[in-house]
Amino acid sequence: IPVSPFDLVIFGGTGDLAQRKILPGLFRRFVAGQIPTESRIIGAARADMDDAGYRDLIRAAIEEHAGKHSADKDAVEDFLRHLSYVPVDAMGEGGWKELQELLVDDEERVRAFYFSVGPNLFGPLAEQLRSHGLAQRESRIVVEKPFGHDLETARALNEELAQHFYEDQIYRIDHYLGKETVQNLMAVRFGNMLFEPLWNAQYIDHIQITVAETVGVGGRGSYYDNSGAMRDMVQNHLMQLLCLIAMEPPARFEADAVRDEKLKVIRALDPVDPDQIVRGQYTSDGTCASYREDAENPASKTESYIALKCFISNWRWANTPFYLRTGKRLSGRASEIAIVFKETPHSIFGIDSGRHRNVLSIRLQPNEGMTLGVTIKEPGPGGMRLVDVPLDMTFADALGEQAEDVTDAYERLIMDVIRGNQTLFMRGDEVEAAWAWTDPLIEGWERRGDNPKPYDAGSAGPDDAAFLINRDGRRWRSIK
Ligand code: BG6
């Protein structure tokens with residue numbers, strides 16, 4: 001569905017995210033016919049460059065990151081014609097007047113300002129936009145994570161932005177919410193009769209959320225060493241996944257209805273005991289650098305891996321463990337939510353049947369899709385033996401060509417900004433509630449001076465993480 005013509009200004013328009021995700025994503029939407037020709041996309045950054053230089057930079061970025069559509073040279077050139085560039089000084093006066101002149105003078109027109117910059121510039125940019133009269137009621141700002149470093153800084157940031165923009169103008173991106181399968185999770189839960197009646201403590205044994213990566217932190221060590229896996233991944237991405245699994249059905253698929261329900265989940269999370277948290281740090285396997293080398297901090301106590309068990313104290317989930325884990329330099333790249341159902345209450349087939357559990361696996365990446373493990377009779381004449389088989393819904397099989405072109409998370413989220421749909425963006429109170437839950441856990445290990453457990457690069461993480469779940473009589477799902 002095309003949107004109305006818009007002006008989009010990307011602060012940090014020459015940066016890594018703009019080149020890898022934002023502009024290639026916009027190009028793909030352009031090819032899909034979603035971007036009206038009168039729209040303008042303006043890169044803004046410190047570098048001194050003209051429109052032609054910016055177009056050259058973005059042409060190369062599209063060729064590298066926009067997939068098969070970038071082979072269509074005419075389409076690339078048509079898209080580049082929408083682009084212009086203005087050098088802007090976020091902290092000073094330079095460039096603001098020029099930027100103003102590039103924007104269409106129309107109160108009704110959507111203006112989106114994407115802050116693809118460090119969080120220290122969010123406040124100053126918001127202030128500049130207002131003081132230079134660039135922000136109108138139809139303007140919106142998009143901010144990237146990290147949204148704060150803890151509750152106090154997140155609150156300060158929210159207050160700072162609130163001085164210049166209403167909450168309905170602020171789009172806090174968590175790109176996990178833009179992933180195809182994450183939205184499918186909601187479709188599966190609330191679009192089918194099959195699952196929701198079983199979606200509670202009575203029928204579900206436990207839930208596992210895994211985001212395993214093979215990459216290390218090389219190149220972004222200085223940011224990461226100050227964050228760690230808890231701040232970088234759990235406080236935002238894993239928490240958002242947990243919310244979508246655990247929330248009550250909202251009355252409508254609308255921004256505040258959905259976000260109210262997510263907030264209730266975060267607020268119902270119990271504090272986590274220190275013995276239910278395992279932190280790890282990768283060591284070198286001989287083929288890659290260790291975490292401490294990547295972070296250039298030989299005494300670092302920052303975790304590149306974390307596993308924890310938590311509970312949501314409400315009627316639906318009381319006593320159902322949620323096991324969360326995420327880490328860098330693991331044996332595989334696998335992001336999965338696994339809903340592990342309870343065993344049948346009675347085994348009519350003898351010893352065999354009690355061991356079988358239905359598992360609904362929701363794969364975010366790679367190989368997006370869902371699999372429901374069901375128990376059937378093993379084919380053949382060998383009597384009543386039971387075996388688990390997957391009912392598989394791999395998007396690539398089910399949707400063919402369409403699935404190859406799965407919309408990138410950023411692509412979808414940027415178009416939602418233009419449409420004014422905040423459903424897949426975090427509200428200020430949600431972010432604060434998430435920090436309010438993670439802060440005491442982080443303070444706890446910092447106060448105790450805990451060292452993360454070493455684990456080999458390319459392994460499944462520290463042994464203690466396996467123990468965390470095994471001692472409950474359960475096992476982690478495998479990371480290939
Ligand atoms: C980012 C984190 O938000 O998400 C990175 O800062 C992480 O550390 C990345 O690698 C993972 O995103 P994706 O989409 O590759 O799973």
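The values are calculated or read from the model by the stated rules, or taken from the named source; none is laboratory data. The structure presented is a predicted model; accordingly, all values stated were derived computationally and were not measured. Heads up, the Cβs are rebuilt from the backbone with ideal geometry, glycines too, and the neighbour counts pull from every protein chain shown. The protein model used for the area step is the full one, side chains on, heavy atoms only, and it has no ligands, DNA or RNA in it. Shrake-Rupley method; radii C 1.70, N 1.55, O 1.52, S 1.80 Å.
What distance in nm lies between label points placed 7 Å from Cα along the C-beta direction at Arg316 and Glu98?
5.1 nm
Grab the alpha carbons of region 177-470, take their convex hull, and tell me the volume per residue in Å³.
Values: hull volume 49.6 nm³, N = 294.
In region 177-470, the Cα convex hull volume per residue is 169 Å³.
Arranged from highest to lowest average of other beta-carbon atoms within 10 Å per residue, in what order do the peptides 380-390, 287-297 appear? The partial results should precede the final answer.
Values: 380-390: 10.6, 287-297: 18.4.
Per-residue mean Cβ counts within 10 Å order the peptides as 287-297, 380-390.
Filter the trypsin sites (Lys or Arg not before Pro) in region 113-154 to those in DSSP coil with at most 15 other Cβ atoms within 10 Å of their Cβ, and list the result.
On the way: sites: Arg130, Arg137, Arg140; in loops: Arg137.
Those satisfying the criteria are Arg137.
On a C-alpha basis, how far is the centre of region 165-191 from the centre of region 214-264 in Å? Whole number, if you could?
Comparing the Cα centres of region 165-191 and region 214-264, I get a distance of 11 Å.
What nm value, rounded to one decimal, do you get for the distance between Asn200 and Ser222 when each label is placed 7 Å out toward the C-beta?
5.3 nm
Quick check on the chain: of the DSSP beta bridges with both residues there, what percent are antiparallel, nearest 5%? Don't skip to the end; give the middle numbers.
On the way: 40 of 75 bridges.
Of the beta bridges lying entirely in the chain, close to 55 percent run antiparallel.
Under a cut-off of 29 Å between alpha-carbon atoms, report the lysines in cross-link reach of Lys377, not counting same-chain residues fewer than 8 places apart.
Lys342, Lys480
Could you work out what % of the accessible surface of region 1-40 is carbon and sulfur, using a 1.4 angstrom probe and leaving DNA, RNA and ligands out of the count? Numbers along the way, then the final one.
Working: 750 of 1480 Å².
Answer for region 1-40 is 51 percent, counting heavy atoms of protein chains only.
Mean residue ellipticity at 222 nm from the helices of the chain, using -39,500 (n - 2.57) per DSSP H segment of n ≥ 4 over the full residue count, to the nearest 500 deg cm²/dmol? All intermediate terms of the calculation are to be shown ahead of the outcome.
Numbers: 16 runs with 153 residues, N = 480.
Result for the chain, helices only: -9000 deg cm²/dmol.
Where a Cα-Cα gap under 19 Å defines reach, which lysines qualify for Lys68, not counting those fewer than 8 residues away within the same chain?
Lys68 reaches Lys21.
Just to verify a number: FRET efficiency for Leu391 and Asn297, C-beta to C-beta distance, R0 = 41 Å, to 0.05?
Working: r = 47 Å, r/R0 = 1.14.
So, using R0 = 41 Å, E works out to roughly 0.30.
What lysines does Lys301 reach when the alpha-carbon gap must be under 22 Å and sequence neighbours fewer than 8 apart in one chain are set aside?
Candidates past the 8-residue exclusion: Lys309, Lys328, Lys453.
With contacts defined as alpha carbon pairs under 8 Å and 6 or more residues apart, what's the relative contact order of the chain in percent? Write out the running numbers ahead of the final one.
Numbers: 862 pairs, mean separation 82.4, N = 480.
It comes to 17 percent, rounded to a whole number.
Quick check for you: with a 1.4 Å probe and neighbouring chains kept, what is the accessible area per residue of region 177-470, in Å²?
On the way: 12710 Å² over 294 residues.
Solvent-accessible surface per residue comes out at 43 Å².
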